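K.L.:
If you scroll down you'll find the structure; I have some questions about it.
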Amino acid sequence: SPGAITEHFTLNFTTTNLMFTTDLQTPNSRKFQSTEKIMKHYIDSLLQKSSIGPHFTGCKVTGFRSGRHRDDTKVDAVCSYRDNASLARFDREKLYQELSTMTNNVTKLGHYSLDRSSLYVDG
């Protein structure tokens, strides 16, 4: 739409049943690419169902990091949406609440288990 600007926000969370391995740090590794594709699918489908859904333009998984425990992997993503003056302002607290509800109180994302205290939305 005319006057629309693409805005970005970061999304971070920790899975508790995806063992971190060094190949998850290597963007051209097979493990990174397959895990990134799965995460992108889960994240995109959640955000399309959220209040920003009609304006959502996609996410890019930017990296995986080692978590506190052996089976923990931190997931970092940058997501985009179209914004214009006629839309309500991006409300990261509202989006956090929606994502929290849609992930069963930050415990499930597809077949991944989540660390309940790990969800972070920054806009």
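K.L.:
Which peptide among 93-102, 11-20 comes first, and what is the full order, when sorted by highest mean count of other Cβ atoms within 10 Å?
P.N.:
So the peptides 93-102, 11-20, ranked by packing, come out 11-20, 93-102.
K.L.:
Excluding residues on the same chain fewer than 8 positions from LYS40, give the lysines whose Cα lies under 19 Å from its Cα.
P.N.:
LYS31, LYS49, LYS60, LYS74, LYS108
K.L.:
Right, something else. Could you grab the relative contact order for region 5-122? Cα pairs under 8 Å, six or more apart, rounded to a whole percent.
P.N.:
Reported as a whole number, the value is 40 percent.
K.L.:
Round to the nearest 10 and give me the degree value, 0 to 90, for the angle of helix 92-102's Cα axis relative to the longest principal axis of the chain.
P.N.:
The angle comes out near 50 degrees.
K.L.:
How high is the relative contact order of region 31-85, given as a whole-number percent (alpha carbon pairs under 8 Å, six or more residues apart)?
P.N.:
Normalised by residue count, the contact order of region 31-85 is 30 percent.
K.L.:
Report, in degrees rounded to the nearest 10, the 0 to 90 angle that the Cα long axis of helix 30-48 makes with the longest principal axis of the chain.
P.N.:
The angle comes out at about 30 degrees.
K.L.:
Whole number in Å², please: accessible area per residue of region 31-123, 1.4 Å probe, ligands, DNA and RNA not counted.
P.N.:
57
K.L.:
Tally Lys/Arg at +1 and Asp/Glu at -1 over every other residue whose Cβ is under 13 Å from the Cβ of ARG30; what's the total?
P.N.:
With Lys, Arg at +1 and Asp, Glu at -1, the neighbours total 0.
K.L.:
Continuing with the same structure: Leaving ligands, DNA and RNA out of it, report the carbon-plus-sulfur percent of the accessible area of region 5-122 at a 1.4 Å probe.
P.N.:
48
K.L.:
Using 0.36 nm per residue of separation minus the Cα-Cα distance, give me the extension gain between SER66 and LYS108 in nm, one decimal.
P.N.:
Difference between extended and current length: 13.2 nm.
The values are calculated or read from the model by the stated rules, or taken from the named source; none is laboratory data. Only a predicted model underlies this, so the values are computations on that prediction, with no experimental measurement involved. Ideal geometry is used to build each Cβ from the backbone, glycine not excepted, and the neighbour counts take in all protein chains shown. All accessible areas refer to the heavy atoms of the entire protein, side chains included, with ligands and DNA or RNA removed. Shrake-Rupley method; radii C 1.70, N 1.55, O 1.52, S 1.80 Å.
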